[in-house]
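The structure appears right after this line, and notes come after that.
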Amino acid sequence: MGTSGGDASSYASFVGGYGSGPGPGMAYRGGGAWRGYGGHAMEVEGFGDQVKEFVKAAMEMSVEFARGCRDIVWQSIGREDSYVGRRIRKLRGPCRRFFGKLTFFNDYFPEDKDPLHVWSVICFVFVLAFAALSLSTESETSTTLIKKVLTHPPSADRILLPDGRYLAYREQGVPADRARFSIIAPHAFLSSRLSGIPGLKASLLEEFGIRLLTYDLPGFGESDPHPNRNLESSALDMSFFAQSMGIVDKFWVLGYSSGSLHAWAALRYIPYRLAGAAMFAPMVNPYDSMMTKGERHGTWENWTRGRKFMYFLARRFPRLLVYFYRQSFLSGKHGQIDKWLSLSLGRRDRALIEDPIYEEFWQRDVEESIRQGNAKPFVEEAVLQVSNWGFTLSDLKMQKKLRGRGIFSWIKSLLSKDQEEYTGFLGPIHMWQGMDDKVVPPSMTDFVHRVLPGAAVHKLPYEGHFTYLYFCDECHRQIFTTLFGTPRGPLNIIVVEVDQTPIEGDTEEPEETTLILGDATTN
């Protein structure tokens, strides 16, 4: 195809100008470039114009999309043959009759006012009044329910530990010299020495001859904090406490919920001081590597997202727990335990925590637990639950002690006449587990029983986390009967005074000697 001379020159001028800058027959205006070609002006679109066209096209597409959505909604809802339309038609008759009955109010409206306008104003005012009443009722209810945390004067007895710390304790039951059985109970999280066995009657302790000792963990209640505590130091504190309280024989340890951590530590580090262990909904490390997949799933699925998040923080970012604790039980105001600790509770547990007797006990126990106002001991306790304990539950299992390897150990075993030695805890372990417990699920006790098959498990149908141990006289009697058998009362000490008559010729004064012969009852 040929090209005329003028057109060719113009085309060459255009191409040359595009490649090497402005040339003859070209002019610039605004954001676009105007270039001459064949005696005509041609506009080259700039970047700004392209953005404007894109925005314009996008707006047009959005408008069309909105119209399409409107048509779909109208066809689905607005049309009379639609599902919603048919339902609305059914309501027209009742609504017309209802509003027809209200037409007699129109006679009381001013003549210059439209009834439709007046009714709309009445409905609006009614809605505002109802909202105001609802807000005022909620505010009054909140002010009556929220109670401030009280600080009580110090009232605990305390002992001095070897490292210079003071440990506060509480003593219940029979005196030390008449105690047939001694029980030491470390308390659970957000609790104190005042908890022990909630609602336990003194007459029942007297009937079984039990001396119950509870104490505040370091930093809780009136006990001094420990600079670097762990489960081994907790067991040593318990041992010193028992010694200071005059417990010569072995004692029982009672662990409830997270307080079981310190009971497990006692079984591991001071087994020679223990006669047995009583566990109620015993807590173990939920991250324990010995758990099977089913046991771990059965444990975690019962917990709320909030509690799972708290365990995650305790394991990875424990310092962040301080903020959450300050917003809950360290806020200076009382609240419910399930809200503070993100607990999921069963029906019977929820009914119990709403009981006024439990509420009074719970508030006093919390006030004693947080009396120092320091979040550190609570963070330490949370970290202990999910961190490495320094031992595993399998270490508590009764098993033969492994002999050393080598020919010398073999010869020593042949020459030795001693009986085979065992490791682990040799005494009885009893565990009570509510089958409706969602705080410490039954899967956790199943794990313990799998690792410690010698432990006796008492499964409690329909019981929750609190209902069996708290304020249940019959339950308390069943527990002591299981542990100690038939009640035999406290020890009866026989005191015999021996009058030493002087021998003839002896000038010294006679002395009276008191002999304590022991228990008069038949064991």
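Normalised per residue, the accessible area of region 234-283 is 27 Å², obtained with a 1.4 Å probe and no contribution from ligands, DNA or RNA.
Between the C-alpha center of region 241-292 and that of region 161-215 there is a gap of 15 Å. Considering the zone a paramagnetic label at Tyr166 would reach in this model (a point 7 Å from Cα along the Cα-to-Cβ line), which residues of region 199-217 have amide N under 15 Å from it? So the set is 216-217. Decide, for region 253-383, between rounded, prolate and oblate: order the square roots of the alpha carbon gyration tensor eigenvalues as a ≥ b ≥ c, take rounded if a/c falls under 1.5, and otherwise choose prolate if a/b is larger than b/c, else oblate. Rounded. Fully extending the segment from Glu354 to Ala202, taken as 0.36 nm per residue of separation minus the present Cα-Cα distance, adds 52.2 nm.
For region 178-221, give the percent of accessible area contributed by carbon and sulfur heavy atoms, probe 1.4 Å, rounded to a whole number. The partial results should precede the final answer.
Numbers: 470 of 910 Å².
Ligands and nucleic acids excluded, carbon and sulfur reach 51 percent.
Figure note: Ser191, Ser155, Ser394 ranked by solvent-accessible area, largest first, 1.4 Å probe, ligands and nucleic acids not counted: Ser155, Ser394, Ser191. Working from label points 7 Å from Cα in the Cα-to-Cβ sense, the Val322 to Met290 distance is 3.5 nm. Note on His152 and Cys123: with the Förster distance fixed at 45 Å, the Cβ-Cβ geometry gives a FRET efficiency of about 0.25. Residues whose amide H lies under 5 Å from that of His458, counting only those 5 or more places away or on a different chain, are Met431, Trp432, Gln433; hydrogens are built 1.01 Å from N in the peptide plane. Subtracting the Cα-Cα distance of Phe65 and Ser244 from 0.36 nm times their residue separation leaves 56.2 nm of extension gain. Full extension of the chain between Asp473 and Glu53 yields a length gain of 142.9 nm, computed as 0.36 nm times the residue separation minus the alpha carbon distance.
The values are calculated or read from the model by the stated rules, or taken from the named source; none is laboratory data. Quick caveat, the model's predicted, so the values are computed rather than measured. Here Cβ is always computed from backbone atoms with ideal geometry, including for glycine, and neighbour counts include all displayed protein chains. With ligands, DNA and RNA removed, areas are computed over all heavy atoms of the protein, side chains included. Shrake-Rupley method; radii C 1.70, N 1.55, O 1.52, S 1.80 Å.
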